[in-house]
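Have a look at the structure below, then the notes.
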Amino acid sequence: MATIEYVLGDITEQEVDVIVNAANSSLLGGGGVDGAIHRKGGPEVLDACRKLRAGHYGGGLKTGQAVATPAGRLKARWVVHTVGPVWSATEDRSALLADCHHNALKVAKSLGARSIAFPAISTGIYRWPVEDAARIANAAVRDAGIELIRFVLFDEKTLNAYRP
Ligand code: APR
């Protein structure tokens, strides 16, 4: 049974096996969580992402999918990059947001990870309403089969939305 924690903080500071990156399909960095992870993780993370793009992920990482790289200078052992769906008022992309969590957990477990930290995927630049993202994220990590899941939220509003 997984322990699920909700903390206010910076995901790049977390001492867990896997830190989940709210990436974009290019895997080549961006702002928000993505920018922070690449800035703190250093060039090793981007180099590994570039290798993925030169290989199996030539067309980029699809929304909802997840892939691991080393974590470079971060305290974690791996970064699992996942691409959240952009919010749409006309199309229900909830399953894709759930997939980000399911697939990140699947990759983490395949690596033998025992602890994983998630940001509030899609709720920043991708504009997903925080309350709805929280509902989807919490449902997606139920019975995850990993020892520790930590949601690392960047502000009180998001923390209060995610914490049951
Ligand atoms: N630690 C934890 N949470 C953070 C951090 C951080 N260092 N920085 C930002 N956040 C929060 C944001 O406040 C938001 O609640 O993470 C959540 C997700 O925001 P984004 O990082 O903007 O991610 P997302 O909405 O999924 O958009 C992804 O943004 O950075 C680009 O390359 C990325 O194109 C992709 C898009």
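Charged side chains reduced to their Cβ positions (Lys and Arg at +1, Asp and Glu at -1) give the chain a dipole of some 420 debye around its Cα centre. Over the range 7-157, the alpha carbon radius of gyration divided by the compact-protein estimate 2.2 N^0.38 Å works out to 0.94. Taking amide hydrogens as placed 1.01 Å from N in the peptide plane, the amide H of Leu153 sits under 5 Å from those of Val7, Leu8, Gly9, each at least 5 positions away in sequence or on another chain.
In the chain, helices alone account for a calculated mean residue ellipticity at 222 nm of -10500 deg cm²/dmol, with every DSSP H run of four or more residues adding -39,500 (n - 2.57). Database remark: amide H of Thr123 closer than 5 angstrom to the amide H of Trp128 (H placed geometrically; neighbours at sequence offset of 5 or more, or on other chains; Pro and chain starts carry no H).
When each of the peptides 139-148, 34-43, 12-21 is scored by how many other beta carbons lie within 10 Å of its residues on average, the order from highest to lowest is 12-21, 34-43, 139-148.
Within straight-line reach of Lys40, meaning a Cα separation under 22 Å, sit the following lysines at least 8 residues removed in sequence or on another chain: Lys51, Lys75. From the residues Leu74, Ala104, Ala133, which one has its Cα farthest along the dipole of the range 49-152 in the positive direction, the dipole being from +1 and -1 charges on Cβ of Lys/Arg and Asp/Glu about the Cα centre? Most positive-ward Cα: Leu74.
Label positions at Arg114 and Ala95, each projected 7 Å from the Cα along the C-beta direction, are separated by 3.6 nm. When you restrict to C-alpha pairs under 8 Å that are six or more residues apart and normalise by the size of the chain, the relative contact order lands at 33 percent.
In this structure, Arg39 and Asp132 have a Cβ-Cβ separation that, at R0 = 22 Å, corresponds to a calculated FRET efficiency of about 0.15.
Applied to the range 144-154, the Karplus parametrisation 6.51 cos²θ - 1.76 cosθ + 1.60 on θ = phi - 60° returns per-residue 3J(HN,Hα) values of 6, x, 9, 5, 9, 10, 10, 8, 10, 9, 9 Hz, with x for Gly and Pro. Peptides 52-63, 71-82 ordered by packing proxy, namely the average of other Cβ atoms within 10 Å per residue, highest first: 71-82, 52-63.
Throughout, read-outs are computed from the coordinates displayed, never taken from laboratory work. Just so it is clear, the structure is predicted and the values come from calculations on it, not from any experiment. Every residue, glycine as well, gets a Cβ built from its backbone with ideal geometry; the counts of neighbours run over all protein chains shown.
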